[in-house]
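Data first, discussion second: the structure below is written as structure tokens.
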Amino acid sequence: MEKIHLGIIGCGGMGFHHARSLSKMKNVEITGASDVDPEKLKRFTQHYSVKYSFVDYAQLLDIKEIDAVLICLPTFLHYPAVILAARKGKHIFCEKPIAMKIEDAEEMIKVCRENNVKFMIGFVRRFDNFWGKAREVIREGTLGRPVVWHDIRSSTGASSSWYFDEEKGGGPLIDGAVHNYDFGHYTFGKVKRVYAATMTFKKGISAIDTGSAILEYSSGDQHIISWSWGLPQGALGAQLIDIIGPKGALIFPGCFDEAKIPRSIDQTQYGVFLLNLKGEGKEWIKWRKNDMFFDELKHFIDCIVDDKEPCVSGEDGKRALEIGLAVLKSGRTGLPIEINV
Ligand SMILES: NC(=O)c1ccc[n+]([C@@H]2O[C@H](COP(=O)([O-])OP(=O)(O)OC[C@H]3O[C@@H](n4cnc5c(N)ncnc54)[C@H](O)[C@@H]3O)[C@@H](O)[C@H]2O)c1
């Protein structure tokens, strides 16, 4: 079997995480790596026995042997790296969010197309059997339509400081909720309008770290997101995730009494939702647990091998960014934003 030779650009949290999945694939070799931090680069290249390593990723992109790259850089650096990688003819898997600006996302899509390289965005929830099962339940009409998907969570947030910079990472309503924006569109279709209210708890950061948004879809469905990365170290808020509709409610794990899950369900293999229908109509809905990160990268590799287009595109990345920027704008102006994307 011919191997796909990969380069990893950015050997931080996600670079390491993805390399673990790639190292389990028989038709993949991690051939090159790049990180501006020489210590991180050394740790990565030793751990994965990588042949080529560079502090400057432009040098990695000059290696002919490398077929494709994973861009695992802080979000504001995705744009220049994707443009250069595409011009060097490398297939590209780029972590989410695609970029910080719509114009940058548009150019990334254009340059990838012009250079005939695959361009996939890391919306890993598309490969998650857990969220996939919720989507199936909605689309089968079990809850009736329209539905409201509530997603409320709060934490201290991500570890690297760039996540809290409005121009580099954008905070939770860009960086974290971008998965929800993409998955919401995938499930319900176009977003008609967004409303948001935002604030910042943490001192000395430029990004919004706390906010609530309502996304209204043309389908009539709604998504309510209330997220914070503003809690102090050690504090953790409650999490509420459910989807409600005229026929009942689908309750996510962590939001019901797990001691009541029937013993007949093997929880090492299956995850479980509680479905609350009319009267006493309670049901347990299970899905087979999977490694969504592995399945996501396997799809990317298969697309290169079989010359297929990835199921998550640059356009999907651009759209999710547009929704996130509209949420921030609504929070800033106090006005609803009509977007229709
Ligand atoms: N799909 C997901 O669920 C998920 C989860 C977490 C993060 N992410 C995304 O992955 C990306 C990376 O996040 P992370 O948590 O790994 O960040 P990180 O801060 O842990 O790692 C980023 C790495 O890039 C390196 N770097 C910075 N500038 C560089 C340059 N010019 N050249 C080479 N290396 C450089 C840093 O030294 C660091 O090692 C972000 O876009 C983030 O939003 C996705």
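For the reader, a short list of remarks on this structure follows.
- Dividing the radius of gyration of the alpha carbons in segment 85-208 by their Kirkwood radius gives 1.01 for Rg/Rh.
- In the chain, the longest principal axis of the Cα atoms and the axis of helix 129-140 are about 50 degrees apart.
- Going by accessible surface with a 1.4 Å probe and the largest first, SER330, SER206 read SER206, SER330.
- Lys-Lys pairs in segment 73-181 that are eight or more residues apart or on separate chains and whose Cα atoms lie under 18 Å of each other come to 10.
- Cα lying deepest toward the dipole's positive end in segment 1-53, options LEU6, GLN46, SER21, charges on Cβ: SER21
- Straightening the chain between LYS247 and ASP302 buys 15.8 nm, computed as 0.36 nm per residue apart minus the Cα-Cα spacing.
- Length released on extending from ILE265 to VAL148, taking residue separation times 0.36 nm less the Cα-Cα span: 39.3 nm
- The alpha-carbon atoms of segment 234-319, seen along their principal axes, cover 50, 38, 32 angstrom, with the largest extent given first.
- Cβ-Cβ FRET estimate between ILE102 and GLU166, R0 fixed at 22 Å, reported to 0.05: 0.90
- Charge dipole magnitude, Cβ of K and R +1, D and E -1 - the chain, Cα centre, debye nearest 20: 520
- The portion of the accessible surface of the chain made up by carbon and sulfur, rounded to a whole percent, is 51 (1.4 Å probe; DNA, RNA and ligands excluded).
- Taking only alpha carbon atoms, segment 143-255 gives an Rg to Rh ratio of 1.00, where Rh is the Kirkwood radius.
- Residue of ILE63, ILE208, ILE301 that the Gaussian network model of the chain assigns the largest fluctuation, springs spanning Cα pairs under 10 Å: ILE63
- Take the Cα of ARG113, step 7 Å toward its Cβ, do the same at GLN233, and the gap between the two points is 4.8 nm.
- Solvent exposure of segment 76-227 amounts to 39 Å² per residue of accessible area, where only protein heavy atoms count and the probe is 1.4 Å.
- As a ratio to 2.2 N^0.38 Å, the alpha-carbon radius of gyration computed for segment 8-51 takes the value 1.03.
- The long axis of helix 292-306 is offset from the longest Cα principal axis of the chain by roughly 50 degrees.
- FRET E, pair SER206, GLU315, Förster distance 25 Å, beta-carbon r, rounded to 0.05: 0.30
- For the chain, calculated [θ]222 nm from helices alone, where every DSSP H run of n ≥ 4 adds -39500 (n - 2.57): -9500 deg cm²/dmol
- Set of segment 226-246 residues, backbone N closer than 18 Å to the point 7 Å along the Cα-Cβ line of ALA197: 226-230
- The candidates MET108, MET199, arranged from most to least accessible area with a 1.4 Å probe in the full protein assembly, appear as MET199, MET108.
- Separation of the GLU65 and TRP284 label points, Cα + 7 Å toward Cβ, nm: 5.1
- Here segment 164-323 is treated as a sphere whose radius is the Kirkwood value from Cα pairs; by Stokes-Einstein at 37 °C and 0.692 mPa s it diffuses with a coefficient of 176 µm²/s.
- Sequence-separation-based contact order of the chain, relative, with Cα cut under 8 Å and 6+ spacing, percent: 19
- Two numbers describe the Cα atoms of segment 1-104: Rg and Dmax, which are 12.7, 40 Å.
- Counted over segment 149-266, the DSSP beta bridges are approximately 80% antiparallel.
- Square roots of 5 times each gyration tensor eigenvalue, C-alpha, the chain, largest first, Å: 34, 24, 20
The values are calculated or read from the model by the stated rules, or taken from the named source; none is laboratory data. Keep in mind that what you see is a predicted model, and the values were worked out from it rather than measured. Note: ideal-geometry Cβ built from the backbone for every residue, glycine included; neighbour counts use all protein chains shown. Only protein heavy atoms, including side chains, enter the accessible area calculation; ligands, DNA and RNA are left aside. Shrake-Rupley method; radii C 1.70, N 1.55, O 1.52, S 1.80 Å.
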